[in-house]
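Here is the structure we will look at.
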Amino acid sequence: MFEFKGGIQLYLAILLKALQQLGMNVSYHVFLKHDTCASPDASFSRDTRFDCSGTWSLPLRTFIFATKILGYGLGRHPNLVISGHLNFTPVAYWLKCIIGVPYWVIVYGIDAWNIERQNLKVALAHAERILSISNYTRARLLKEQNLDPNKILLLPCTFDLNRFKISPKPQHLLNYYGLTANQPIILTVARLDRTKRYKGYIQILKALPEIRRQIPQVHYILVGKGSDRARIEQLITNLNLQDCVTLTGFVPDEELCDHYNLCDVFAMPSKGEGFGIVYLEALACGKPTIGGNQDGAIDALCQGELGVLVDPDNIGEITQTIIQIVQGIYPHPLIYQPEVLRQKVIDTYGFERFKQTLAELLQTTELGVQ
C-alpha cells in the first residue's frame, strides 16, 4: 500500500480512507504482506494500526503474514474481516470456521477470472459479500463460479479529483520531450511488465506506422516501467519508430496529471483490465479516451458513453479510431467536450459517490465498536 503504487494498492488505500470518513466508531487493524511500514500515510486515522510483513524474506513472508492474521483474529475476534485480495481469503475462511467471524472479499480482474484453486473457490463461496470493482468481473464470476448473485455487489474504482484537472499542455514537458504544442500526442500509462502485455501498448506501437503515415507529426508517449521494456524497445526499432515514441520510465504520482494534459488522446486498448483507474484519471483531465471492449474498461468508460471502446485485437480498428479522434472527426461529440467529460466522470466515479456506495453496502452490516 505504501511502497508500490499499482491499481489494487491505490484502490485499497482509498477504501480505507473512505471507511474512516464515514464516521463509524470503529478501529482498524490493517495487515500488509509486502510493506515494511517504514512510513505509513499520516492521513489515516489514529485508530488504524498497520502490521507489516515486508521485512521477512519472500519464502517465509506468506506464512508469517497468514499466521499474524490468524493469531490476531483468534485473540481479538474482529467484527468483520475485509480481504483485500482473493489470495488472502483462505485465512478469513479459517477464522469464520473457527470463531464465526464474517468476511468480505474484494475482486478486481484476472485475479478472479478462471479460478482453479479449490481453496479459493471454497473461501469465495463462504464470504458474506464479494465486492467487485466492475460489472465485467461480476459477470465473469457468475458465469464461471457457482455463486449467489445477491452477494456479489459493485464498488467501482474512484480517483482523486483534486490531483487530476484540466490544464493546457505543460510547456516544461513539451521542452523536456522535445515536442511542440501543436504536435498530436497519444498517451498510455501502464506497468510495462511481461505479465501486463494485455494492456494494449504493443497494439498501439503496431498501429503507429499507419497513424504516422496519415498524421506525420504524431508522437506516442508510454509512461511506466517494468520487465517488458527491452521487448518494447526492440519492437520500436523493428518498426523504425525511434523518432516518434518516448518511453518515459517511472513517473512520480505528482507528475502524472501533467502527462495526461500533455496528450490529445489517451489510449489503452487492453483486454485484461479489471477496471482501469487510469481511464478515470484521463477523463478527469478532459481527454478523449480509448479502452478495450473485452474487459473492465467497458465499466470505466460507461459502455462507451464516456469514451471509445475498440476491439483490442484489431489493429486496423485501433489505428483508424486514433486517427479520427486526433483529426477531430470521430462521431462521438462528448469526447471533444473536456469540462463535460470531467464532470460526468466525477458524478459517476468521484470519491463522494464511492463513499456513498460504501455506506450503503455497510448499512446492513453490524460492525460494533472494535
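The values are calculated or read from the model by the stated rules, or taken from the named source; none is laboratory data. This is a predicted model, so every value here is computed, not measured. Reconstructed Cβ throughout: ideal geometry from the backbone, glycine too, with neighbour counts over all protein chains shown.
Considered as a group, the residues in region 292-342 that are assigned to a loop (DSSP other than H, G, I, E, B) and of a type in the set (A, V, I, L, M, F, W, C) include one that is nearest to Arg138 (Cα to Cα), and that residue is Leu301. Can you tell me which of Ser53, Ser45, Ser83, Ser27 is over 30 Å from Lys271 (Cβ atoms) and out of contact with any Asp or Glu (no Cβ under 9 Å at 6 or more places or on another chain)? Being over 30 Å from Lys271 (Cβ atoms) and out of contact with any Asp or Glu (no Cβ under 9 Å at 6 or more places or on another chain) holds for just one of Ser53, Ser45, Ser83, Ser27, which is Ser45.
Picking from residues in region 150-178 that are under 30 Å from Ala125 (Cα atoms) and not in a loop (DSSP other than H, G, I, E, B), the one that is nearest to the chain's Cα centre (by Cα) is Leu154. Go through the residues of region 109-120 one by one and say whether even a single one is of a type in the set (Asp, Glu), surrounded by fewer than 17 Cβ atoms within 10 Å (Cβ to Cβ) and in contact (Cβ under 8 Å) with a residue 40 or more places away in the chain. Looking through region 109-120, at least one residue is of a type in the set (Asp, Glu), surrounded by fewer than 17 Cβ atoms within 10 Å (Cβ to Cβ) and in contact (Cβ under 8 Å) with a residue 40 or more places away in the chain.
Quick one: Thr137 ticks every box in (1) outside the structural domain of Ile298 (by TED's automatic domain parsing); (2) assigned to a helix (DSSP H, G or I); (3) farther than 25 Å from Ala284 by Cα bar one, so which box is it? The failed condition is (3). Which of the residues spanning region 179-212 are hydrophobic (A, V, I, L, M, F, W, C), in a helix (DSSP H, G or I) and under 17 Å from Val265 (Cβ atoms)? Across region 179-212, the qualifying residues are Ile204, Leu205, Ala207, Leu208, Ile211. Flag not set for Ile115, criterion: touching a Leu at 6+ places or on another chain (Cβ under 9 Å), of a type in the set (A, V, I, L, M) and part of a strand (DSSP E or B). Exactly one residue out of Leu241, Leu179, Leu161, Leu222 is touching a helix residue (DSSP H, G or I) at 6+ places or on another chain (Cβ under 7 Å) and in contact (Cβ under 8 Å) with a residue 40 or more places away in the chain, and it is Leu161. Checking each residue in region 252-279 for being touching a residue at least 60 places away in the same chain (Cβ under 8 Å) and assigned to a loop (DSSP other than H, G, I, E, B) picks out Cys263, Asp264, Pro269, Ser270, Lys271, Gly272, Glu273, Gly274, Phe275, Gly276.
For region 300-329, a residue qualifies if it is in contact (Cβ under 8 Å) with a residue 40 or more places away in the chain and aliphatic (A, V, I, L, M), and the qualifying residues are Ala300, Leu306, Val310, Ile315, Ile318, Ile322, Ile323, Ile325, Val326.
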